[in-house]
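Visitor: I have a structure I would like to understand better, so I am pasting it below and will then ask my questions one at a time.
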Amino acid sequence: MDRVQVVGAVSAVVSDLIKRFREVRKGSFLPTTISFQRVLGLLALAMLGAAGVSHAQTKATGGASPTGPTAKIVPDKKQESASEKSGEKAVKPEKNAYDYSLPGVDGKDVPMASFKGKYVVLVNLARKSMYNDQLPALIKMNDMYKAKGVVVIGVPSNDFGASEPGTNAEIQKAYADAKVNFAIMSVSKLSGDDTLPLYLYLTKGKDAPAGGPVPWNYTKFVIDKNGKVVTRLNSDVAPDSPEMLSTLDQVLDGTFKPKKAGGKPDAAAAGQDDDD
């Protein structure tokens, strides 16, 4: 029962009480079903109800009595988080490679989180590239380091020198014929507005190694077992070179020290003739 209803009930009871008293004064008798005690009891209950509603509304409005149907009830804010009470803002965890995925050849995304606990070497491939002679060395490196928790992933891309032509099916068949023993993803965009989100993280994220956007084929990224990109190697660093193998060994034993931002970009400059 709201305040209007209570006031209406009080008014009705008071009117009825006055009528009964007038009948008594005229010598009439009250109906046997109604007594003065009952009328007084109803009046008392109605008045108590009105007082309770008034008190509740006054408390809800912060002490100000409502003036009409447009009066607003201010909610009582009782719950505050620990960070709000202390004045601290919740800190979102920083993203890493595990927050992203790669496009699989079956049309489904391959979550990077599926490689948790592994060291990932990510390489953008191109069959017609002058650097494609590194493919056998990648296969050998995958064999050598597989037992140490290293996973090689190839990402074909036709972005640089149009060096990876053909359909996905044709590209997959070509790498299968080459006896590639590591995962090959679907053909992907690694430059421009359609760059894969993972590659944006690898090249522009807070902890991205120096070098900027991928400039050419066979750029290699090394991601540690916690999903953090730790380094990248230029196109001209062969998988079986002392630099590449030394870098992997240091990452594995925890002694690798990343280069500071501002280092030299890849030696293979964008736009160079990369055809065989």
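Visitor: Before we move on, is Y131 farther than 18 Å from W216 by Cα, of a type outside the set (D, E), at pLDDT 95 or above and assigned by TED's automatic domain parsing to the domain that holds V214?
Guide: no
Visitor: Moving on to the next point. Against the conditions (1) within 25 Å of S157 (Cα to Cα); (2) assigned to a helix (DSSP H, G or I); (3) not polar (S, T, N, Q), where does V251 fall short? Just the number, please.
Guide: (1)
Visitor: Among the numbered criteria (1) closer than 15 Å to A137 by Cα; (2) without any contact (Cβ under 8 Å) to a residue 40 or more places away in the chain, which single criterion is violated by K189?
Guide: Only one criterion is unmet by K189, namely (1).
Visitor: When you scan the range 211-248, how many residues do you find that are touching a Lys or Arg at 6+ places or on another chain (Cβ under 6 Å) and under 19 Å from G154 (Cβ atoms)?
Guide: So the count comes out to 2.
Visitor: In the range 145-171, how many residues are without any contact (Cβ under 8 Å) to a residue 24 or more places away in the chain and surrounded by 14 or more Cβ atoms within 10 Å (Cβ to Cβ)?
Guide: Selection size over the range 145-171: 2.
Visitor: Moving on to the next point. Can you name the condition, by its number, that A174 falls short on among (1) farther than 15 Å from Y218 by Cβ; (2) in contact (Cβ under 8 Å) with a residue 40 or more places away in the chain; (3) in contact with a strand residue (DSSP E or B) (Cβ under 6 Å, 6 or more places away or on another chain); (4) hydrophobic (A, V, I, L, M, F, W, C)?
Guide: (3)
The values are calculated or read from the model by the stated rules, or taken from the named source; none is laboratory data. Please read these numbers as outputs of a predicted model, since none were measured by experiment. Positions of Cβ are generated from backbone atoms using ideal geometry, with glycine treated the same way; all protein chains shown enter the neighbour counts.
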